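Below is one structure, written out as structure tokens; comments come after it.
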Amino acid sequence: MTKKTLLTGPLLHQRGDPLRSPWQDCLSIESAGGLLLEAGRISAVGRGEDLAAAHPDAARVSYGADHLICPGFVDAHAHYPQTAMIASWGKRLIDWLNHYTFPEEMRLADPAYAQAVAGRYLDLTLAHGTTTVASFCTSHAHSAEALFEAAEARGQRIVAGKTCMDRNAPAALCDDARRAYDESKALIARWQGRGRASYAITPRFSPTSTPEQLSALGALWAEHPECLMQTHLSEQLDEIDWVKSLYPSARDYLDTYEAHGLLGPRGLYGHAIHLAPREVDRLAEVGAAVVHCPTSNTFIGSGLFDMAGLAARGLNIGLATDTRGGSSFSLLRTMAAAYEIGQLRGTALHAAQLIWLATAGSARALHLGDRIGTLAPGYEADLCVLDLASTPAIAQRAAEAEDGWEMLFATIMMGDDRAVADTWVMGERVARLGAG
């Protein structure tokens, strides 16, 4: 007999995109909801007592009125190799790469160290309620193997790829066009579609790839259009100037990818802060996704993402910690930073919009919106259960809240991993790992 688990308590319902329609039409909170889990999937959603009556054999897990059952968080852009040097002081992008990123990534030449960091990183994400991650690896193929294997062992859904670079980086981290193509192709054959794994072809960004390498990766993507492609775009103004000097014939930063076959509907373009009008037009035309990395953008002084403007153009938008330049593993903290940046740009994002970005919005950006990010029958049972009174400061604010949205907003703005009561992966509750 199939094991059944019934979760009851306040439940997040999502049925639309609150960046394109009024949030009230797209999300709601069912105060007495229920979620039936079977064989790693959600089999039914409804009122808790109705489901309990219909399934008396189900093991019941009840959450109180100060909790919220949500989809597991989806982090659409991260750098797991840089876990150990998160929150490092005082650099902008290019100096950051040279001073912190590249030395740490060279340490992952040791397969044992890569395995240790991969496991540590995924355990930290689970402790923060994140059940799916899209991550860059290093240029070492075994660093991608380490992350895929660690995610498989935990049952986590993962998107990842070997990072490709053949210039403007230490020799120990550089490959070449042929090796980038061959090693990425071998990883695709091994991991794309295996279990819960998806492969992302991964040029770090145009400055660290020659035109020859970008063309090789564009050819690989054409051979494997089922794969995602992840990279960086228009993060800082001095970075854009550098791109112009390296690609003088390019119309803009995006053109350095487009000219080499690296623009498409399954493309993920991290940061996308300082976009030219043509770039916005082309991203919208092809249906690509941009990924907002708010804690990173403020931490290393990159700029303010135009959420309202890009959403109005119909772009798919994901949300991400960008762990490394991003200063937290928590998507709660990331949502709070997105709210703060929105305020600076004159658009106050509602709690419903923020939680949607961290779940269904990021799932859609990763082309996984039919499997994760929403609590609906048939979806994979990846869940984050929030405690909306997790600390004395939050609890006293929640006590004054007029509705569940006010309670959720207080947790978004003040919460951290202590606000994650439980994380569920494929219908199984994950043991707390003490990752505070």
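The values are calculated or read from the model by the stated rules, or taken from the named source; none is laboratory data. Being a predicted model, the structure only gives us computed values, none of them experimental. Because the Cβ atoms are built from the backbone with ideal geometry, glycine has one as well, and the counts that use them run over all protein chains shown. Surface accessibility is based on the protein's heavy atoms, side chains included, excluding ligands, DNA and RNA. Shrake-Rupley method; radii C 1.70, N 1.55, O 1.52, S 1.80 Å.
Some points to look at:
- Amide proton proximity set for residue 233, modelled H, under 5 Å, gap of 5+: 270, 272
- Principal-axis analysis of the Cα atoms of the chain puts helix 331-344 at an angle of about 70° to the longest axis.
- Taking label points 7 Å from Cα along the Cα-to-Cβ direction, residue 403 and residue 172 give a separation of 5.6 nm.
- Options 367, 399, 332, ranked by Cα towards positive dipole end of segment 325-426, top entry (Cβ charges): 367
- Distances between placed amide hydrogens fall under 5 Å for residue 381 paired with 41, 42, 426, 427, all partners being 5 or more residues away or on another chain.
- Normalised by the number of residues in segment 1-113, the average gap of Cα pairs under 8 Å and 6 or more apart makes the relative contact order 26 percent.
- Since only 106, 76, 40 are under comparison, the one whose Cα sits farthest along the positive direction of the charge dipole of segment 34-114, derived from C-beta charges on Lys, Arg, Asp and Glu, is 106.
- Given their separation in residues at 0.36 nm each and the Cα-Cα distance between them, residue 24 and residue 241 gain 73.9 nm when the chain is fully extended.
- The apolar share of the surface of segment 178-238, taken as the fraction of accessible area on carbon and sulfur atoms (1.4 Å probe, ligands and nucleic acids excluded), comes to 58 percent.
- Surface composition of segment 293-436: carbon plus sulfur atoms contribute 49% of the solvent-accessible area (1.4 Å probe, protein chains only, all chains present).
- Extension gain for the segment residue 54 to residue 251, taken as residue separation times 0.36 nm less the Cα-Cα distance, is 64.8 nm to one decimal.
- Put a plus charge on the Cβ of each Lys and Arg, a minus charge on the Cβ of each Asp and Glu, and nothing anywhere else: the dipole of the chain about its Cα centre is then about 440 debye.
- Two-site label geometry, residue 47 and residue 278: point separation in nm, points 7 Å out along Cα→Cβ: 5.9
- Sequence-distant residues sharing a close amide H with residue 4 (under 5 Å, placed H): 59
- In a simple Cβ point-charge model (Lys, Arg +1; Asp, Glu -1; nothing else charged), segment 212-285 has a dipole of about 100 debye relative to its Cα centre.
- Non-local lysine pairs in the chain, meaning eight or more places apart or on different chains, with alpha-carbon distances under 28 Å, amount to 4.
- The gain in end-to-end length when the residue 223 to residue 190 segment is fully stretched comes to 10.3 nm, 0.36 nm per residue minus the alpha carbon separation.
- Per residue, in Å², the accessible surface of segment 333-436 once ligands and nucleic acids are set aside, probe 1.4 Å: 38
- Relative contact order %, the chain, counting alpha carbon pairs below 8 Å whose residues are six or more apart: 20
- When +1 charges are put on Lys and Arg Cβ atoms and -1 charges on Asp and Glu Cβ atoms, the dipole computed for segment 80-157 relative to its Cα centre reaches about 240 debye.
- On the basis of the beta-carbon distance and an R0 of 22 Å, residue 120 and residue 418 show a calculated FRET efficiency of 0.70.
- Probe 1.4 Å, all protein chains present, accessible-area order of 50, 66, 17, largest first: 50, 66, 17
- Calculated FRET value between residue 95 and residue 62, using beta carbons and R₀ = 45 Å, to 0.05: 0.30
- Dipole of the chain [Lys/Arg +1, Asp/Glu -1 at C-beta], most positive-end residue of 141, 164, 249: 141
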